[in-house]
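Taking it in order: structure first as C-alpha cells, then the write-up.
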Amino acid sequence: VDAFQAWCGPCKTVVDLFRKVRNEVGSDLLHFAVAEVDSIDALEQYRGKCEPVFLFYAGGELVAVVRGANAPLLRKTILEQL
C-alpha cells in the first residue's frame with residue numbers, strides 16, 4: 001500500500017517498479033493499492049511526513065514498512081515478503 005497525503009499525492013516514481021515486479025511474479029501473488037492517510041484513521045501515524053511510505057501486508061497483518069522511494073529496497077522487500 002502506497003500511503004500518501006492529499007497535498008503530495010501517491011508516489012508516481014515507483015509505479016513502473018511495481019508493474020515490473022508484478023509482471024515477474026504474477027498478479028495472483030502481488031497486489032498494489034494506494035491509501036490517502038488523511039481520510040483513514042487507522043493510518044493516522046503516517047500523516048505529516050513528506051516522504052512516501054509503503055506498507056506491506058500479508059494475511060491482513062502489517063509485515064514490513066519502507067519509507068522513501070528507494071527502488072532497490074522496495075524491490076528487495078517485495079521479493080522477501082513473497
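Scanning segment 1-41 for residues that are loosely packed, with under 12 Cβ neighbours inside 10 Å, farther than 20 Å from Pro72 by Cα and in contact with a strand residue (DSSP E or B) (Cβ under 9 Å, 6 or more places away or on another chain) returns a single hit, Ala6.
Across segment 4-58, what is the number of residues that are part of a loop (DSSP other than H, G, I, E, B), closer than 18 Å to Gly68 by Cα and at pLDDT 85 or above? First the steps, then the outcome.
As a first pass, look at segment 4-58 and keep what is part of a loop (DSSP other than H, G, I, E, B): 5-11, 26-33, 40, 47-52.
So of that shortlist, the ones also closer than 18 Å to Gly68 by Cα come out as 5-11, 32-33, 47-52.
In the following step, the residues that additionally are at pLDDT 85 or above were identified as 32-33.
The qualifying residues number 2.
Sub-9 Å Cβ pairs linking a first residue in segment 57-78 that is within 16 Å of Phe32 (Cβ to Cβ) to a second residue that is open to solvent by 70 Å² or more (accessible area, probe 1.4 Å) and among the β-branched types (Val, Ile, Thr), at least 6 apart or interchain, are Ala69/Thr13; Ala71/Thr13, ordered by first then second residue.
The values are calculated or read from the model by the stated rules, or taken from the named source; none is laboratory data. Note that the coordinates shown come from a computational prediction; the quantities given were computed from them, not determined experimentally. With ideal geometry, Cβ positions are generated from the backbone for all residues, glycine too; neighbour counts draw on all protein chains shown. We work out accessible area using only protein heavy atoms, side chains counted, and drop any ligands, DNA or RNA first. Shrake-Rupley method; radii C 1.70, N 1.55, O 1.52, S 1.80 Å.
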